[in-house]
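Working notes, beginning with the structure itself.
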Amino acid sequence: MPAARTPRVPVEERLFSLVLALLATDSGLSKTEILSTVQGYRQKYSRSGDNAALERQFERDKDDIRELGVPLETIDDPAAAGNNQALRYRIPRGAYELPEDISFSSEETALLTLAAMVWREGSLSHESRRALLKLRSLGGAASVPELEYAPRLRSRDAAFEPLRTALDRGVVVRFDYLKPGDEAARRREVAPAALVQHHGRWLVSAVEVGTGTLKTFLLSRVVGPVQLTSTPFARPDDATADRALADLEQVWRDRTATLRVEPTSDAETRLGKRRGTTRLDPVTLTVHWTDEHLLADELASFGPEVTVVEPESLRTLVRHRLASVLDTHTDAGDGGVRG
């Protein structure tokens, strides 16, 4: 029976794993520890065989990451001076972090955040965690905050993948869409133009077949499966992700709600830190929103900690949600419900 093939690890993944491992240790790692634990080396490492080729690869990788500007340090063991096998390697975090005078614009921060989300969701994160776990078992490994705080990409609405496929193929799709307040979902036939994420939620900008109108649909409101057709559709030049995000931002800027919050409450803390929130007085906030029903869901979750001053339509939606919760748990009706 032929031996199982060693899975190929891309060079960039091996280099990234090496940098991550050397950042995660204060005392440094020996060559043996690196070759036996780090993703990209450990698959080829032999505990009893010849690792000369793997050691040469490590030497090349050291040169490569130094050329990229990574401050890799070599630490000599005082008890074994001149013994290359006793050398330890590390990347000092202070020398690797960005200087304090470097800052990013909101657009640059958004792109970096998206890159972090994609990286965290991929297999690289899983393998890097495995390597880091093994390194911690060696003792003396420092924590790597980037692994703990890199945001996750949670785009797994069932509609996401088929809509992305339709977008790639340039074909029309059909799906049932349930608008808030409607009793039944309505069948939609659209040509996807762009998938965008706005304030943590995924939406599809699409051209409605029949009317040619460009509309935006929230993926979480798509009911049932998305049906791909074989009908091709030429996407208009102006139907882009940039336009979809710009339109959503304009809606967000134009729509505001005035709220009263209880001092020092969770509602005051969270709503007070929302992007664009302004304070009219210590307990009165003005917040922006794009979808009134989503905002009503959020405000209702704070219970009596928040009261909607205006608009009246939002106040009514919040009251209905609180009344529904009250009816579910008691027979007291909606008496005393605040909105």
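Bear in mind that the values in this text are calculations on the coordinates, not laboratory data. Please read all numbers here as calculations on a predicted model, not as lab measurements. Reconstructed Cβ throughout: ideal geometry from the backbone, glycine too, with neighbour counts over all protein chains shown.
Observations
- Ranked from largest, the principal axis spans of the Cα set of region 255-329 equal 34, 26, 17 Å.
- All lysines inside 16 Å of Lys62 as judged from Cα atoms, apart from same-chain residues fewer than 8 positions distant: Lys31
- Label-point gap, in nm, between Thr213 and Phe160 - each point 7 angstrom along Cα→Cβ: 2.9 nm
- Backbone N under 12 Å from the Thr258 label point (7 Å along Cα→Cβ), restricted to region 267-288: 280-281, 284-287
- Theoretical gain in end-to-end length, Ser220 to Val309 [0.36 nm per residue, Cα-Cα removed]: 29.2 nm
- Alpha-carbon radius of gyration plus Dmax, which is the widest Cα pair, for region 160-251 in Å: 12.4, 36
- Each peptide among 213-220, 238-245 gets the average number of other Cβ atoms lying within 10 Å of its residues, and from highest to lowest they stand as 213-220, 238-245.
- Taking 17 Å as the straight-line reach from the Cα of Lys179, the lysines in range (excluding those fewer than 8 positions away in the same chain) are Lys215.
- Mean Cβ count within 10 Å, highest first, over the residues of peptides 60-71, 310-321: 310-321, 60-71
- Gain in span if fully extended, Val283 to Asp76, counting 0.36 nm per residue against the direct Cα distance: 68.5 nm
- With a Förster radius of 22 Å applied to the beta-carbon distance between Thr231 and Ala184, the computed FRET efficiency rounds to 0.30.
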